[in-house]
Amino acid sequence: MRISGLLCFGALAGVALASTETGIAKRSTISEILTDIEDDATCAACEALLVVLQALAHLGNDDFVDVITEVCILAGVDDDDVCEGAIAREGPILAHDLRNMDVPSKTAVLFCTTIFGLCDYPAVAEYTVDFPSAKPANASRPTSSGETPLQIVHISDIHVDLSYETGANYNCTKPICCRPYTSSDDPGVTDYPAGEYGNHNCDAPLTLEESMYSAINDLVPNASFVIFTGDVVEGAVWLVNETEVTNDLNDAYNSRMADYFDLVYGVTGNHDCAPVNSFPPADIDTTISSQWAYDTLSSDWSQWIGSTAASTADDYGAYSVKYSGGNLRIISFNTNLYYKENFWLYEKTMEKDPSGQLAWLVDELSAAETAGERVWLMGHMPMGSGDTFHDASNYFNQIIQRYDATIAAVFYGHTHKDEFELAYSNYTDQSADTASMMSYIMPAMTPTSGNPAFRVYSVDPVTFGVLDFTEYITNMSSSTYQTNPTWEKYYSAKETYGSLLDPPVTDSAAELTPAFWHNVTVLFENDDSVFQDYYARKSRGWDVSECTGDCKTDEICQLRAAESQYNCVEITPGISFKKRDAITTRDTSTNPRESTCGESVVGQMFSSFDNAVEALIKATETKLGSGFLNTTVNATIS
């Protein structure tokens with residue numbers, strides 16, 4: 001292949017070229033750079049690698065995708081077809097990033113932090129969110145009214161696989177199974193037939209979705225409304241396209257939820273688009289648009305939120321609407337604009353407020369404060385999680401602190417786990433007095449992370465504070481599960497923790513305030529049996545392990561970190577997009593592997609840095625010839 005083009009990277013002098021501390025010397029050819037970094041999995045080596053990948057990106061999307069796909073295959077990250085499909089979808093977005101990126105720069109370091117796990121997080125860029133007025137001096141959470149509470153249902157991460165086939169192989173080599181990918185996976189052929197209502201190695205069948213909705217109607221017949229914190233689409237990210245995602249969204253909202261529920265408030269999930277996680281901010285000029293996804297969601301949601309709110313959803317997947325049954329405003333915002341796996345965000349100069357959503361959120365909260373409304377704030381990805389950019393989380397937390405007397409609570413999904421996050425007015429002095437906001441994180445319906453679940457909140461009808469919640473699950477280990485799933489009460493938050501606190505909180509009319517939840521984390525520190533029970537409930541009692549030592553310390557740290565720079569998440573090479581090995585000696589239904597929600601295949605390729613660099617050398621030789629390796633990155637290549 002003849003390579004031509006001007007690769008003009010003046011930044012090379014600061015990067016490939018890394019410091020003498022790392023032992024990487026200044027080089028001029030791609031081959032020499034790769035040889036120098038092959039055994040050096042450091043931040044400087046990662047930045048040097050970006051120079052090489054940047055040169056590759058400048059050859060065009062086709063060459064970039066061909067080479068990176070070959071690296072994925074040589075590194076054994078996943079099956080060949082998974083590598084091909086995933087890189088075909090995310091590769092052009094990564095190439096766009098690299099062509100426009102300065103190396104070195106904060107964006108480059110952040111890329112090496114969040115995608116490759118080889119740099120420490122850069123410090124948060126100082127930015128003060130603009131508010132139309134100062135926080136009132138007497139702003140405080142209202143006290144509970146004592147009136148008869150409402151019941152409100154929370155569901156999340158249904159990940160319904162409309163291609164699920166009963167009897168298909170659940171012990172496949174793909175990230176999700178229960179599909180006849182090959183003839184050996186077919187029903188009647190495989191030795192590992194999937195049951196009618198799902199398997200932990202697979203996303204949810206339609207039967208499980210309808211079973212849960214039917215159980216909600218039976219167990220909570222008087223529910224005021226349902227909140228759904230996103231992710232309709234299944235996890236075969238290497239196959240999804242616009243047609244499938246559109247069909248999945250329409251099926252979930254129009255053919256299923258609309259048949260069972262009178263009022264649903266939805267959220268944009270990271271899987272609710274194709275390619276997965278692809279949500280370019282408004283200022284980015286690209287032909288890979290997500291507008292069709294916003295169009296579909298706004299159309300589907302309009303039956304519940306009306307045309308005015310739907311028009312905002314059509315802009316960037318967010319909306320604000322007044323609940324007709326009380327003094328409550330529902331604000332659904334698009335957390336994908338702050339998600340580390342949304343590769344469109346790695347711009348040359350990263351935006352402080354992509355698509356202006358934070359400014360819009362401030363306007364909505366300011367208007368709600370003026371009108372005396374209470375607010376439920378809903379998103380998909382928890383803004384304190386390890387998936388959230390530190391800068392964006394800090395700016396969002398400024399908004400939370402300003403309007404903490406207006407926002408009753410925040411609701412998320414995404415992690416597939418039963419968790420929560422606490423915000424504090426002072427993170428250096430975390431206490432019941434400084435705890436300022438509670439975020440409820442809903443576990444998934446899809447079985448990949450545990451037993452399917454839904455939650456019912458007991459809610460004050462005046463303050464809309466959460467008084468309690470009860471979680472319901474269906475136990476997939478039950479002998480009758482595959483013929484008739486039984487949904488039953490798993491636990492109540494107030495029953496589980498209230499009597500153990502000092503002083504106890506057992507009054508049914510008492511709100512589960514941020515102070516309550518901080519005191520629960522103190523209880524975790526002081527009573528290990530209570531903590532271990534909490535940890536088991538994260539997966540709803542499935543595949544339970546003990547969490548002690550650093551695991552426990554870090555877990556409590558994360559519960560106390562609604563701002564992501566404080567969450568104690570350790571940066572490690574690679575990400576958790578796992579290949580499933582075909583197993584012949586044991587049954588994977590008892591010990592399957594979970595593929596983390598929405599994470600890219602690219603980072604996992606470099607989890608073994610030296611092997612990945614070796615694979616990159618081989619891939620470029622195979623696809624581009626030796627000429628590419630022998631070229632310099634600051635001259636015309638011919």
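The values are calculated or read from the model by the stated rules, or taken from the named source; none is laboratory data. This is a predicted model, so every value here is computed, not measured. No Cβ is skipped: glycine too gets one built from the backbone with ideal geometry, and neighbour counts run over all protein chains shown.
For Asp120, only one of the following conditions fails: (1) touching a helix residue (DSSP H, G or I) at 6+ places or on another chain (Cβ under 8 Å); (2) surrounded by 18 or more Cβ atoms within 10 Å (Cβ to Cβ); (3) farther than 30 Å from Gly326 by Cα; (4) touching a residue at least 60 places away in the same chain (Cβ under 8 Å). What is its number?
(2)
Quick test of your reading of the structure: Asp231 fulfils all but one of (1) in a loop (DSSP other than H, G, I, E, B); (2) surrounded by fewer than 19 Cβ atoms within 10 Å (Cβ to Cβ); (3) charged (D, E, K, R). Name the failing condition by number.
Condition not satisfied by Asp231: (2).
Six or more apart or on different chains, Cβ under 7 Å: which pairs go from a residue in the stretch 509-526 that's touching a residue at least 12 places away in the same chain (Cβ under 8 Å) and closer than 15 Å to Asp404 by Cβ to one that's surrounded by fewer than 20 Cβ atoms within 10 Å (Cβ to Cβ) and of a type in the set (Ser, Thr, Tyr)? Could you list them?
Hits for this filter: Glu511/Ser144; His518/Ser431.
Quick check: anything in the stretch 489-511 of a type outside the set (Ser, Thr, Tyr), over 28 Å from Thr434 (Cβ atoms) and in the same structural domain as Arg537 (by TED's automatic domain parsing)?
Yes, some residue in the stretch 489-511 is of a type outside the set (Ser, Thr, Tyr), over 28 Å from Thr434 (Cβ atoms) and in the same structural domain as Arg537 (by TED's automatic domain parsing).
For the stretch 496-532, how many residues meet the condition of being over 31 Å from the mean Cα position of the chain (by Cα), closer than 22 Å to Glu421 by Cβ and in a loop (DSSP other than H, G, I, E, B)?
Residues that pass the stated criteria total 3.
Is it true that Ile158 is under 19 Å from Tyr339 (Cα atoms), within 21 Å of the chain's Cα centre (by Cα) and of a type in the set (A, V, I, L, M)?
The answer is no for Ile158.
Of all residues in the stretch 247-293, which are β-branched (Val, Ile, Thr), more than 11 Å from Asp231 (Cβ to Cβ) and touching an Asp or Glu at 6+ places or on another chain (Cβ under 9 Å)?
Ile284
If we scan the stretch 342-357, do we find a residue that is within 21 Å of Pro132 (Cα to Cα) and among the hydrophobic types (A, V, I, L, M, F, W, C)?
No, because not a single residue in the stretch 342-357 is within 21 Å of Pro132 (Cα to Cα) and among the hydrophobic types (A, V, I, L, M, F, W, C).
Suppose the filter is assigned to a loop (DSSP other than H, G, I, E, B), buried (at least 23 other Cβ atoms within 10 Å of the Cβ) and of a type in the set (Ser, Thr, Tyr); does Tyr181 pass it?
So Tyr181 fails the test.
Give the residue that is surrounded by the fewest Cβ atoms within 10 Å (Cβ to Cβ), with candidates limited to residues of the stretch 270-289 that are of a type in the set (S, T, N, Q) and in contact (Cβ under 8 Å) with a residue 24 or more places away in the chain.
Here the answer is Thr286.
I'd like to know if the stretch 81-99 contains one or more residues that are of a type in the set (Val, Ile, Thr), in contact with a Gly (Cβ under 8 Å, 6 or more places away or on another chain) and crowded, with 22+ Cβ neighbours inside 10 Å.
Within the stretch 81-99 (the criterion being of a type in the set (Val, Ile, Thr), in contact with a Gly (Cβ under 8 Å, 6 or more places away or on another chain) and crowded, with 22+ Cβ neighbours inside 10 Å), the answer is no, since none of the residues qualifies.
Give all pairs with beta carbons closer than 8 Å in which a residue from the stretch 99-115 that is free of Cβ contacts under 8 Å to residues at least 60 places away in the same chain meets a residue that is of a type outside the set (D, E, K, R); count only pairs at least 6 apart in sequence or on separate chains.
Cβ pairs passing all conditions: Arg99/Gln54; Arg99/Ala57; Arg99/His58.
Could you please find all residues in the stretch 234-245 being touching a helix residue (DSSP H, G or I) at 6+ places or on another chain (Cβ under 7 Å) and either buried (at least 20 other Cβ atoms within 10 Å of the Cβ) or outside the structural domain of Thr207 (by TED's automatic domain parsing) (or both)?
Of everything in the stretch 234-245, those that are touching a helix residue (DSSP H, G or I) at 6+ places or on another chain (Cβ under 7 Å) and either buried (at least 20 other Cβ atoms within 10 Å of the Cβ) or outside the structural domain of Thr207 (by TED's automatic domain parsing) (or both) turn out to be Val237, Trp238, Val245.
Over 18 Å from the mean Cα position of the chain (by Cα), more than 23 Å from Val505 (Cβ to Cβ) and either assigned by TED's automatic domain parsing to the domain that holds Arg540 or buried (at least 22 other Cβ atoms within 10 Å of the Cβ) (or both), is that true of Tyr457?
Against the criterion (over 18 Å from the mean Cα position of the chain (by Cα), more than 23 Å from Val505 (Cβ to Cβ) and either assigned by TED's automatic domain parsing to the domain that holds Arg540 or buried (at least 22 other Cβ atoms within 10 Å of the Cβ) (or both)), Tyr457 does not qualify.
Please work out if Thr207 is under 20 Å from Met476 (Cα atoms), assigned by TED's automatic domain parsing to the domain that holds Thr446 and β-branched (Val, Ile, Thr).
Yes; evaluated as a whole, the condition is true for this residue.
I'm told Thr166 meets every condition in (1) surrounded by 24 or more Cβ atoms within 10 Å (Cβ to Cβ); (2) part of a loop (DSSP other than H, G, I, E, B) except one. Can you identify the failing condition by its number?
Looking at each condition in turn, Thr166 falls short on (1).
Taking the stretch 131-169 on its own, how many of its residues are over 30 Å from Asn217 (Cα atoms) and small (Gly, Ala, Ser)?
6
One line per residue, one yes/no per condition, for (1) among the aliphatic types (A, V, I, L, M); (2) in contact with a strand residue (DSSP E or B) (Cβ under 7 Å, 6 or more places away or on another chain):
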{"position": "Phe261", "(1), (2)": "no, yes"}
{"position": "Asp272", "(1), (2)": "no, yes"}
{"position": "Ala282", "(1), (2)": "yes, no"}
{"position": "Ala313", "(1), (2)": "yes, yes"}
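So how many residues does the stretch 250-269 have that are of a type in the set (Val, Ile, Thr) and surrounded by 23 or more Cβ atoms within 10 Å (Cβ to Cβ)?
Count: 2.
Given the conditions (1) assigned to a strand (DSSP E or B); (2) within 24 Å of Val233 (Cβ to Cβ), and given that Glu421 satisfies all but one, which numbered condition is not satisfied?
(2)
Thr22 versus (1) modelled with pLDDT of 90 or more; (2) surrounded by fewer than 18 Cβ atoms within 10 Å (Cβ to Cβ): which is the lone unmet condition?
Condition not satisfied by Thr22: (1).
Criterion first (closer than 24 Å to Thr349 by Cα and under 22 Å from the mean Cα position of the chain (by Cα)) does Thr107 satisfy it?
yes
Return the only residue of Leu263, Leu297, Leu337, Leu239 being in contact with a Pro (Cβ under 6 Å, 6 or more places away or on another chain) and either among the aliphatic types (A, V, I, L, M) or under 29 Å from Asn217 (Cβ atoms) (or both).
None of the other options fit; the residue is Leu337.
What are the residue pairs meeting all of these: first residue in the stretch 536-555, first residue on the phi > 0 side of the Ramachandran plot and in contact (Cβ under 8 Å) with a residue 24 or more places away in the chain, second residue surrounded by 12 or more Cβ atoms within 10 Å (Cβ to Cβ) and outside any loop (DSSP other than H, G, I, E, B), Cβ atoms under 8 Å, and 6 or more apart or on different chains?
Arg540/Ala453; Arg540/Glu471; Arg540/Ile473; Arg540/Tyr490; Gly541/Ile473; Gly541/Tyr490
Do you know which of the residues in the stretch 533-555 that are among the small types (Gly, Ala, Ser) and not in a helix (DSSP H, G or I) is farthest from Val462 (Cα to Cα)?
So, considering only residues that are among the small types (Gly, Ala, Ser) and not in a helix (DSSP H, G or I), the one farthest from Val462 (Cα to Cα) is Gly549.
Condition test on Ser140, is it at negative phi and surrounded by 13 or more Cβ atoms within 10 Å (Cβ to Cβ)?
It is false that Ser140 is at negative phi and surrounded by 13 or more Cβ atoms within 10 Å (Cβ to Cβ).
Tell me, yes or no, whether the stretch 172-188 has at least one residue that is among the aliphatic types (A, V, I, L, M), within 30 Å of Tyr253 (Cα to Cα) and not assigned by TED's automatic domain parsing to the domain that holds Pro461.
yes
Which of the numbered conditions does Ala194 fail, given that it passes all the others? Conditions: (1) in contact (Cβ under 8 Å) with a residue 40 or more places away in the chain; (2) buried (at least 23 other Cβ atoms within 10 Å of the Cβ).
Going through the list (1) in contact (Cβ under 8 Å) with a residue 40 or more places away in the chain; (2) buried (at least 23 other Cβ atoms within 10 Å of the Cβ), Ala194 breaks only (1).
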